[in-house]
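See below for the structure under consideration.
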Amino acid sequence: MKKIASFNVNHLDLLPGIYVSRIDYIEENPLTTYDLRMKAPNIEPVMNTAEIHAIEHIGATFLRNHSEFEKDVVYFGPMGCRTGFYLILKGARSSKDIAPLVTELFDFVTKFEGDIPGASARDCGNYLDLNLPMAKFEAKKYLENILLTLSDKNLNYPE
C-alpha cells in the first residue's frame, strides 16, 4: 500500500506547532487538514485519553460556535498517537493564518469552567472518561510554550 501523507512527516524532528497536513479538494473546493501538534513525538509523554477527550468536547463546541469560522469547521478530533489534534477547515489557509484561531481555541480551553459540553450518557459514548483539570493543564502548556511564541519552525514541517 502507498504510505499516507501523515506517515511521510519526519516525526524524529517534528516540534509542537501548527502545520498544514494536507489539502484535499471536493470539486474546486479546498479542505485543509491542520496538524495541531501539542507534544514532541516519541520524546514527550503523550496525553491520556481523558484530557484529550475533554479538549475534543470543549474544542469542537467552541469551533462550531465560533462567530467567524463556524461554517468552515469540518472536523476537530484527536490523533491516534495522542500527541495532538487534527482540525479540518473549508478553504486553503496557511498554518500562520489559522494561528489566531488555534490560540483562541486553546485559551478558551484553559479558562473553561463548568460542565463539559456533551458530558452525559445520552450525549457521549464514553462520558465518564473526561478530565477537565488535565485538559486545562495540557491546553495551557501548548498555549504558553508554543502558540504564544510561534516561529517558522513550529509552522512548517521539518524536511
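Where Lys and Arg each count +1 and Asp and Glu each count -1, what net charge lies around residue 117 among other residues with Cβ under 11 Å from its Cβ? Kindly include the intermediate steps, with their values, before the conclusion.
Numbers: positive: 64; negative: 56, 115, 123.
Net charge in that neighbourhood comes out at -2.
Here the chain yields Rg over Rh of 0.95, to two decimals, using C-alpha coordinates and the Kirkwood radius.
Net charge in the neighbourhood of residue 5 (other residues with Cβ under 15 Å of its Cβ; Lys, Arg +1, Asp, Glu -1) is +1. Inter-label distance, residue 8 to residue 74: 1.8 nm, where each label sits 7 Å from its Cα along the C-beta direction. Along the axis of the charge dipole computed for the stretch 5-153 (Cβ charges of +1 for Lys and Arg, -1 for Asp and Glu, origin at the Cα centre), the listed residues 45, 20, 55 are led at the positive end by 45. For the stretch 92-159, trypsin sites (Lys or Arg not before Pro) meeting the loop criterion (DSSP other than H, G, I, E, B) and having at most 12 other Cβ atoms within 10 Å: 122. Neighbours of residue 57 by Cβ distance under 15 Å: Lys/Arg scored +1, Asp/Glu scored -1, total -4.
With viscosity set to 1.002 mPa s at 20 °C, what whole-number translational diffusion coefficient in µm²/s follows for the stretch 49-127 from Stokes-Einstein and a Kirkwood radius over Cα pairs? Don't skip to the end; give the middle numbers.
On the way: Rh = 13.3 Å.
Translational D for this selection: 161 µm²/s.
Of the GluC sites (Glu not before Pro) found in the stretch 27-111, those that fall in a DSSP loop while having at most 13 other beta-carbon atoms within 10 Å are 27, 28, 68, 70. Taking Cα centre as origin and charging only the Cβ of basic (Lys, Arg, +1) and acidic (Asp, Glu, -1) residues, the dipole magnitude of the chain rounds to 280 debye. Based on a Kirkwood Rh over C-alpha pairs, give the Stokes-Einstein translational diffusion coefficient of the stretch 100-159 at 25 °C and viscosity 0.890 mPa s in µm²/s. After rounding, the answer is 185 µm²/s. For the stretch 1-91, pairs of C-alpha atoms spaced more than 21 angstrom apart make up 36 percent of the total.
Across the stretch 5-153, Cα pairs under 8 Å and at least six residues apart give a relative contact order of 26 percent.
Read-outs throughout are calculated quantities, based only on the coordinates presented, and are distinct from any laboratory measurement. Since the model is a prediction, treat every value here as computed from it, not as a measurement. Here Cβ is always computed from backbone atoms with ideal geometry, including for glycine, and neighbour counts include all displayed protein chains.
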